[in-house]
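Notes follow the structure.
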Amino acid sequence: MNAEFIEALNAIEKERGINKDVLIDAVENALISAYRRNYGTSNNVRAVIDRDTGEIQLFASKSVVEQVENPHSEISLEKARNVNILYEVGDVLEEEVKAKNFGRIAAQTAKQVVVQRIREAERGVIYDEYVEKENEVLTAIVQRVEKSGAYVELGKTDGLLTPNEMIPGESFESNSRIKVYVLEVRKTNKGPQVLVSRTHPGLVKRLFELEVPEIQTGIVQIRSIAREAGFRTKVSVSSNDPQVDPVGACVGQRGFRVERIVAELHNEKIDIIEWDSDSAVYIAKALSPAKVLMVYINEAEKAAKVIVPDNQLSIAIGKEGQNARLAAKLTGWKIDIKNQSQAEEAMFSTSEQQTQDELEQPE
């Protein structure tokens, strides 16, 4: 029987990933609960299970008394002195009791405690596994979509994709597969809760890492990402190898690599830009697809003034300012964009004002 017990624990450990010591602790606690419930005592009880043989021993603490009224919590002085002559009334003796005498109710109590502890242990194992996956991308299977969000299956547990973390305009069908970014793993009474996202910039970063071998090996590096989920993303990349074009590596042959990412992101537009150590050049590239004539840098204020051709102003700014806004996020610079005519007019006004000031100076 004891050998079968240990074999059963070994099987649970292997199948569910729960350490055998945790299971044995659960059984020991179950025996203690069963004893107290069966005999109606709150006395200290200690259970010991041999990790190798499965032998079970249960020890109950009993008070040494002259007259025994409750044999489950008390022991006579005479019997106590049979164990050790030095015992006196008021002392506490630890006596072994037999688990097999607990009865049906005790067995049910033990079973409930063991099942509960196994569930808790399983939840702990799942939490430990998924907390290590925070900031990673997982493949999820959509189970159902409600007002509170989409519930997805992540393997051993489920994840929640709230409406704020969904790409605008995106809809899901049951059993469809999607990539999600693990935002946070929380402990709850019902087990770990995994919060996932489809809008986080980290999703784009991880998708490029999955699709581009040069990023996996470290030859190409993602420098920065600016994203407005569902609309447009800008990614700046650099190469540690002069023979490798970082933008070309990310785009892939005939655009295959980036197209897979775009499809995964519900056809979100992606601009891939080569990072440059020269801030002016970097800012000009970040405003792609607009063409830039000149960039004036103010290092102290981390601000830049950009001059573009007249017909490029709307492209540089983008719809509702999106292109300029993303370029600013990508580079970390404040960007003020003017077309060539505006810049020339401003320069002419400044020159005219300087001339007027010179004329008005007293001789």
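The values are calculated or read from the model by the stated rules, or taken from the named source; none is laboratory data. Keep in mind the model is a prediction, meaning the values are calculated, not measured. When we count neighbours, we look across all protein chains shown, and the Cβ atoms used for this are built from the backbone with ideal geometry, even at glycine.
Can you tell me which residue in the stretch 44-64 is nearest to the chain's Cα centre (by Cα), limited to those that are small (Gly, Ala, Ser) and at pLDDT 80 or above?
The extreme case among them is Ala47.
Need a quick list: strands (runs of 3 or more DSSP E) entirely within the stretch 106-182 having at least 2 residues that are among the β-branched types (Val, Ile, Thr).
137-146
Quickly run through the stretch 177-209 and pick out the residues that are farther than 17 Å from Glu165 by Cα and of a type in the set (Ser, Thr, Tyr).
Hit for the stretch 177-209 is Thr188, nothing else.
Of all residues in the stretch 15-43, count the ones that are at pLDDT 80 or above and over 39 Å from the mean Cα position of the chain (by Cα).
0
Can you name every residue in the stretch 135-152 that is modelled with pLDDT of 95 or more and among the charged types (D, E, K, R)?
If the condition is that a residue be modelled with pLDDT of 95 or more and among the charged types (D, E, K, R), then Glu136 is the only one that fits.
Which one is nearest to Asn135 (Cα to Cα), of the residues in the stretch 198-232 that are under 20 Å from the mean Cα position of the chain (by Cα) and among the aliphatic types (A, V, I, L, M)?
Taking the candidates together, the pick is Leu203.
Do the conditions hold for Val68, that is, is it in a loop (DSSP other than H, G, I, E, B) and exposed (fewer than 14 other Cβ atoms within 10 Å of the Cβ)?
no
Of all the residues that make up the stretch 66-109, how many are in contact with a Leu (Cβ under 7 Å, 6 or more places away or on another chain) and modelled with pLDDT of 85 or more?
Count: 6.
Read through the list (1) part of a loop (DSSP other than H, G, I, E, B); (2) of a type in the set (A, V, I, L, M, F, W, C); (3) touching a residue at least 12 places away in the same chain (Cβ under 8 Å), then give the number of the only condition that Ala34 fails.
Against the list (1) part of a loop (DSSP other than H, G, I, E, B); (2) of a type in the set (A, V, I, L, M, F, W, C); (3) touching a residue at least 12 places away in the same chain (Cβ under 8 Å), Ala34 comes up short only on (1).
Does Glu132 meet the test of being modelled with pLDDT under 90, surrounded by fewer than 13 Cβ atoms within 10 Å (Cβ to Cβ), farther than 30 Å from Tyr39 by Cα and out of contact with any Cys (no Cβ under 9 Å at 6 or more places or on another chain)?
no
Among (1) closer than 21 Å to Val237 by Cβ; (2) modelled with pLDDT under 95, where does Asp310 come up short?
Checking Asp310 against (1) closer than 21 Å to Val237 by Cβ; (2) modelled with pLDDT under 95, the one that fails is (1).
Go through (1) farther than 28 Å from Arg123 by Cβ; (2) assigned to a strand (DSSP E or B) one by one and return the number of the condition Val48 breaks.
Every listed condition holds for Val48 apart from (1).
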